[in-house]
Amino acid sequence: MAGFDKWTERLSRGVARRTSRRSTLAWLGAAITGAATIPVLPVARAASGSPHGGGGAANAPLVSTNPQDPGDQTSCDYWRYCAIDGFLCSCCGGSASTCPPGTEMSPITWIGTCTNPADNRAYVISYNDCCGTSSCGQCLCNRNEGDRPQVRPQSNNDYNWCLGTQSSVYNCSTAIIVGVALDQPK
Amino acid sequence: MKFTTPGIAMLFALLMAAAGVRAGEVQMRGVSNPQQARIDYILKCQGCHRPDGGGDDRSNPPIKNEVARFLGVPGGREFLARVPGVSTVDLDDTRLANLVNWTLYTFDPAHMPADFRPYSPEEIGHLRRHPLRLERAETRARLVKGFSQDRAKTHSP
């Protein structure tokens with residue numbers, strides 16, 4: 001027990017000899033400043049994000065110059081993504097209507113309608129998945145407007161829609177306008 | 001711009017041509033609203049059957065140059081209204097009959113029988129109450145075997 005007392009005494013005296021109150025203050029100041037930079041790291045940015053999924057802020061906004069096509073195409077809130085469930089191709093090296101290089105667009109898709117805030121008309125949107133390389137992992141969005149249960153497979157977005165492609169591995173999703181719906185869509 | 005006589009004649013010719021196109025649409029019997037049918041096709045069918053109805057034999061069977069041939073074999077007319085994609089779609093009988101008739105005329109005009117009797121909403125409503133389920137592929141294969149004989153005569157050109 002006496003040995004333990006001696007060891008503790010030596011340790012505390014050593015600390016007192018080697019450090020000053022000023023250096024302690026300097027160290028504390030550095031730690032406080034360092035802690036303030038943690039939210040800048042990508043970990044914290046991935047944790048925050050829009051209500052439909054995280055990651056909006058991690059990507060530079062991609063805004064069309066067409067006034068008929070308002071909104072940021074890398075954000076889950078973009079109007080064409082109203083029924084999306086997956087990673088946005090516009091955050092993955094592609095765009096809202098094209099696949100990233102090295103992937104293949106699925107010819108079989110699920111189709112729904114979204115209201116364009118510019119003219120309040122419903123447009124028919126085809127959610128073609130891009131397939132062939134592993135999940136992109138950027139901008140996960142899950143909005144599901146008009147999504148039907150799995151007993152209606154043609155209107156359900158929980159299935160893997162990488163069908164009719166060489167590979168069934170899912171990478172990301174596009175949202176392509178294929179038509180203008182009539183005034184009484186169903 | 002001043003309208004000259006040839007100009008007016010040309011305008012008239014264009015109007016006639018447009019009328020001709022309209023007449024072509026009207027010839028689709030049982031299709032009261034082709035615009036509605038087109039949008040319904042996009043919303044309810046195109047995702048799997050492709051924009052041109054092409055399909056493939058691995059995932060979704062082709063509609064294009066194929067669908068009207070079912071009308072020529074016994075049980076084929078009933079089959080078209082009972083396949084799951086048709087019978088279980090969330091459209092009312094009137095819109096569905098409009099869509100089925102439009103699909104036949106649009107994707108397979110060559111095989112349309114001259115005496116085609118369009119599907120009525122009543123007939124569609126009656127047939128869709130007995131949808132095909134797991135037996136659909138087998139039923140289709142049996143019907144397709146039935147129309148392999150007429151393939152010889154329709155493929156003459």
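Relative to the longest principal axis of the Cα atoms of chain A, helix A:21-36 runs at roughly 10 degrees.
In plain terms, the residue of B:TYR41, A:TYR159 with the fewest other Cβ atoms within 10 Å comes first and the most crowded comes last, giving A:TYR159, B:TYR41.
As a size descriptor, the averaged projected area of the C-alpha convex hull of the stretch B:31-114 was calculated at 5.4 nm².
Using C-alpha pairs below 8 Å separated by at least 6 residues, the relative contact order for chain A is 22 percent.
Residue order for B:TYR119, A:TYR123, fewest other beta carbons within 10 angstrom first, comes to A:TYR123, B:TYR119. Against the main long axis of the alpha-carbon atoms of chain A, helix A:2-18 sits at an angle near 80°.
Around A:ARG143, under 12 Å between beta carbons, what's the net of Lys plus Arg minus Asp minus Glu among the other residues?
Residues close to A:ARG143 contribute a combined charge of -3.
The separation of the stretch A:1-44 from the stretch B:59-124, counted between C-alpha centres, amounts to 80 Å.
Highest mean packing comes first when the peptides A:97-104, A:75-82 are listed by Cβ atoms within 10 Å, giving A:75-82, A:97-104. Taking 0.890 mPa s as the viscosity and 25 °C as the temperature, the Stokes-Einstein diffusion coefficient of the stretch B:29-74 based on its alpha-carbon Kirkwood radius rounds to 209 µm²/s.
Put simply, the amide H of A:GLY179, placed in the peptide plane, has neighbours under 5 Å in A:VAL124, leaving out anything fewer than 5 places away on its chain. The string of couplings for the stretch A:98-111 from the Karplus curve (6.51, -1.76, 1.60, θ = phi - 60°) is 10, 8, x, x, x, 10, 10, 7, 6, x, 9, 9, 10, 10 Hz, one whole number per residue in order, with x for Gly and Pro.
The fewest-to-most ranking of B:HIS111, B:HIS49, B:HIS130 by surrounding Cβ atoms within 10 Å reads B:HIS130, B:HIS111, B:HIS49. Calculate I(q)/I(0) for chain A by the Debye formula, one identical point scatterer on each C-alpha and no solvent, and give its log10 at q = 0.10 Å⁻¹ to two decimals. Ignoring solvent entirely, the Cα scatterers give -0.51.
Bear in mind these aren't lab numbers, they're just calculated from the coordinates by the rules spelled out. Being a predicted model, the structure only gives us computed values, none of them experimental. Positions of Cβ are backbone-derived with ideal geometry, glycine not excepted, and every protein chain shown enters the neighbour counts.
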